[in-house]
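The values are calculated or read from the model by the stated rules, or taken from the named source; none is laboratory data. Note that the coordinates shown come from a computational prediction; the quantities given were computed from them, not determined experimentally. Every residue, glycine as well, gets a Cβ built from its backbone with ideal geometry; the counts of neighbours run over all protein chains shown. With ligands, DNA and RNA removed, areas are computed over all heavy atoms of the protein, side chains included. Shrake-Rupley method; radii C 1.70, N 1.55, O 1.52, S 1.80 Å.
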Amino acid sequence: MTSFMSGFVIFTVLGYMAEMRHEEVSEVAKDAGPSLLFITYAEAIANMPASTFFAIIFFLMLIMLGLDSTFAGLEGVITAVLDEFPHIWGKRRELFVLCFIVVCFMGALSTLTFGGAYVVKLFEEYATGPALLAVVFVESIAVAWFYGVAQFCSDVKEMIGFSPGWYWRVCWVAISPLFLLFIIISFMSSPMELRLFDYTYPYWTMVMGYCIGISSFICIPAYMVYRLAATPGTLKERILKSITPETATEIPLGDIRMNAV
């Protein structure tokens, strides 16, 4: 819904700018990176009637979009760590959140330098799309194939009161993983030439970009290897035990009882 509503705002501004310049929308949108947002859009808004009002609501929208994405990403990591280590961080949530945000802040300082736009471009191309799709692909395989789509639908039924239909089951089992795998392979087979303004990124930055992308999900295969090595039995028994869902157990945490696997 956020992307849907943002599309109306973005293409309305681009259309207004194209009309003002007597150009096609494709010509106006040729600007890449920060210049499209902070130069082209700013110029369009400055020439609108009631420009101050539109500038305020436009940049408020950008701030809200950034906060929305930040909250979702932070909560994903915070919740996972607290669920995995409830005895350690259960009563120290505020301290953990503070430390985590400070680390993220220190890492983001590189984007505020004179070359910050180039750092943002590098992260934008390699740290978001393919890496995120790879994590989602592994999650879809783990849930639909190993955990079992029937058990997953049973869990959904407990939450919403009815079981998902055959369309959703087919999407979870086959269609979604195949589409994700196709997109990942397409990106890996045809690496793009990274450019921003008149600067072409050197080859070593592409290697760094791949390393940044791999770092987002390297913990998944690393934990798989650790799990196989730590599980007793033959290799076949280790694999079967590793892909079999564990039984939930209750962990007492003061007055709270948490379910963990």
Considering only segment 36-85, state which residues are under 16 Å from Met5 (Cβ atoms) and among the small types (Gly, Ala, Ser).
Gly66, Ser69
With the requirement that a residue be part of a helix (DSSP H, G or I) and of a type in the set (A, V, I, L, M), what does segment 47-69 give you?
Ala55, Ile56, Ile57, Leu60, Met61, Leu62, Ile63, Met64, Leu65, Leu67
Filter result for Val173 (open to solvent by less than 90 Å² (accessible area, probe 1.4 Å), closer than 29 Å to Trp204 by Cα, part of a helix (DSSP H, G or I) and in contact with a helix residue (DSSP H, G or I) (Cβ under 8 Å, 6 or more places away or on another chain))
no
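Residues are listed down the side, and each one gets a yes or a no for (1) open to solvent by 50 Å² or more (accessible area, probe 1.4 Å); (2) assigned to a helix (DSSP H, G or I):
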{"site": "Phe71", "(1), (2)": "yes, yes"}
{"site": "Leu74", "(1), (2)": "no, yes"}
{"site": "Asp83", "(1), (2)": "yes, yes"}
{"site": "Lys91", "(1), (2)": "yes, no"}
{"site": "Val97", "(1), (2)": "no, yes"}
{"site": "Val103", "(1), (2)": "yes, yes"}
{"site": "Phe114", "(1), (2)": "yes, no"}
{"site": "Lys121", "(1), (2)": "no, yes"}
Restricted to segment 140-162, and to residues that are surrounded by 15 or more Cβ atoms within 10 Å (Cβ to Cβ) and not aliphatic (A, V, I, L, M), which residue is nearest to Ser242 (Cα to Cα)?
Tyr147
Which of the residues belonging to segment 105-148 are more than 22 Å from Tyr223 (Cβ to Cβ) and under 16 Å from the mean Cα position of the chain (by Cα)?
Val120, Lys121, Leu122, Phe123, Glu124, Glu125, Tyr126, Thr128, Gly129
Restricting to segment 169-193, what's the tally of residues that are of a type in the set (Gly, Ala, Ser) and within 20 Å of Pro245 (Cα to Cα)?
0
Restricting segment 6-55 to residues that are closer than 28 Å to Val119 by Cα and open to solvent by 70 Å² or more (accessible area, probe 1.4 Å), which is modelled with the highest pLDDT?
Phe11
For segment 184-208, which positions are more than 11 Å from Glu125 (Cα to Cα), touching a residue at least 24 places away in the same chain (Cβ under 8 Å) and of a type in the set (Phe, Trp, Tyr)?
Phe197, Tyr199, Tyr201
Yes or no: Trp166 modelled with pLDDT of 85 or more, open to solvent by 50 Å² or more (accessible area, probe 1.4 Å) and farther than 29 Å from Lys241 by Cβ?
yes
